[in-house]
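Rule-based calculations on the coordinates, nothing more; no lab input. Model, not experiment: these values are computed from the prediction. Note that each Cβ is placed from the backbone with ideal geometry, even for glycine, and that neighbours are counted across all protein chains shown.
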Amino acid sequence: MAVNRFRVRLGDLSVAFIHNLLRTVEGLGHDSQSLRDTFALSPARLAEPDGRLSIPRYMRLGHAAIQLSGREDLGLLTGSRHGAADLGLAGVLARAAPTLREALACITEYESLYAQNYRGQSSLHEDAQGAWLRFYSISPYNDYNRFVVDSVLAGWASQIRHFASNAQCIERVHIEFAAPTYHEQYAQHFAAPVEFNCPRNQLRLSKAALDTALPEHCPSTWNKLKQIAEREREQRTYTRSMREKVIQQLGPLLLGHEPDIDDVAARLGLPSWTLRRKLSDEGSGFRQLLNETRHDLATTYVRDTDLSFGEIAYLLGFASAGAFQRAFKRWSGSTPGDYRRQQRRG
């Protein structure tokens, strides 16, 4: 039985994020035209209703913008300018929510409408005292992806202030990476204690903050927008086969170790034997999908990022950089270093 390959991408995000980044650079007194030219960001491209930019390209754009502006804290500055419209339909829906709790649920539950990342998705974790608004790990960290964490967390903080009419809702901030040279800027943006070297990237909100009624709530508009958002999400997240569902689960599981079929079956809520049978019915198998997924991701990481091969090995669950490099040569016929150089020359 012939099976069409389901190609794995690292992820993408709405061009609205790019528009906001360019506005921030220009607000600092710099001409953004060089960035627009280098990354082919024409006015028509930035106005596409469903326009997306790949995650690796966004990281490169952010790094180039930092170099142009000379501001290492550009991610924080960009996030502070985020408004509901920058999240598209999900942001507009959140602004019409009855409470801050439901607004934050919209931002996380409908994240696929404005951004998708193979590494994971944002989430809201509520307990008796409040909730954590959590952004998934994109470690190992470097000059490219710290910008992403900064802009996301600062963007959330900015939107929370708008939603709650500038009330102070954030109690503390946790960030995974070590304190950067611009660490003093974080307190200014979050107006709350900030801790680095934490297990997760997240904002803490009190229960009282979650219960805050939003001034722009309109029940009829809220319910209508929810219907539209749900239809959009179904169209974006619908998967036609079990192999696609397995591939979508592998990303977060690969981090630091090689997952087995039991790991994936548990995430899909299936017994292992059922998953094995369903894949067999589609002419596929777990080991084949694991190898294909690693191959696709390895090619993208080597070609589109500046991650070291040790870092890529960790992201793909290999025991060592040497094991990854041997596998890559088996897949592509060349070493990762030769492949990267060839692609950069092209």
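Excluding same-chain neighbours fewer than eight residues apart, no lysines are reachable from LYS207 by a Cα-Cα span under 18 Å. 3J(HN,Hα) along the range 187-193, derived from phi through the Karplus expression 6.51 cos²θ - 1.76 cosθ + 1.60 where θ = phi - 60°, amounts to 4, 5, 7, 9, 6, 7, x Hz, with x in place of Gly and Pro. Once the Cβ-Cβ distance of ARG330 and SER241 is raised to the sixth power relative to R0 = 30 Å, the FRET efficiency obtained is 0.70. Among THR239, THR78, THR293, which one shows the highest mean-square fluctuation when the chain is modelled as a Gaussian network with alpha-carbon springs under 10 Å? Largest GNM mean-square fluctuation: THR239.
Between amide H atoms placed 1.01 Å from N, distances below 5 Å from THR99 occur with LEU214, all of them 5 or more places distant or on a separate chain. Straight-line reach from LYS226: taking Cα to Cα under 14 Å and skipping same-chain neighbours fewer than 8 places apart, the aspartates and glutamates in range are GLU102, GLU109, GLU111, GLU234. A simple count of charges around MET242, restricted to other residues whose Cβ falls under 11 Å of its Cβ and scoring Lys, Arg +1 and Asp, Glu -1, yields +3.
Computed 3J(HN,Hα) for the range 311-321, one whole-Hz value per residue from the Karplus formula 6.51 cos²θ - 1.76 cosθ + 1.60 where θ = phi - 60°, is 5, 5, 4, 5, 4, 9, x, 7, 5, 7, 4, glycine and proline marked x. For TYR110, no residue has an amide H sitting under 5 Å from its own, ignoring neighbours fewer than 5 places away on the same chain, with H placed 1.01 Å from N.
Remark on ARG172: its backbone amide H falls under 5 Å from those of ARG204, a criterion applied only to residues 5 or more positions apart or on other chains, H modelled at 1.01 Å from N. Rounded if a/c is under 1.5, else prolate if a/b beats b/c, else oblate: with a ≥ b ≥ c from the C-alpha gyration tensor eigenvalues square-rooted, which is the range 11-233? Judged from the Cα gyration tensor, the range 11-233 comes out oblate (a/c at least 1.5, b/c at or above a/b).
Compute the helix-to-body angle for 100-109: its Cα long axis versus the longest principal axis of the chain, expressed 0 to 90° and rounded to tens. It is inclined by approximately 20 degrees. Taking a straight line from the alpha carbon of LYS245, these lysines sit under 16 Å away, with near neighbours fewer than eight places off in the same chain left out: LYS278.
Per-residue 3J(HN,Hα) values for the range 121-133, derived from phi via the Karplus relation 6.51 cos²θ - 1.76 cosθ + 1.60 with θ = phi - 60°, read 9, 5, 7, 10, 10, 9, 9, 5, 9, x, 7, 9, 9 Hz in sequence order (x marks Gly and Pro).
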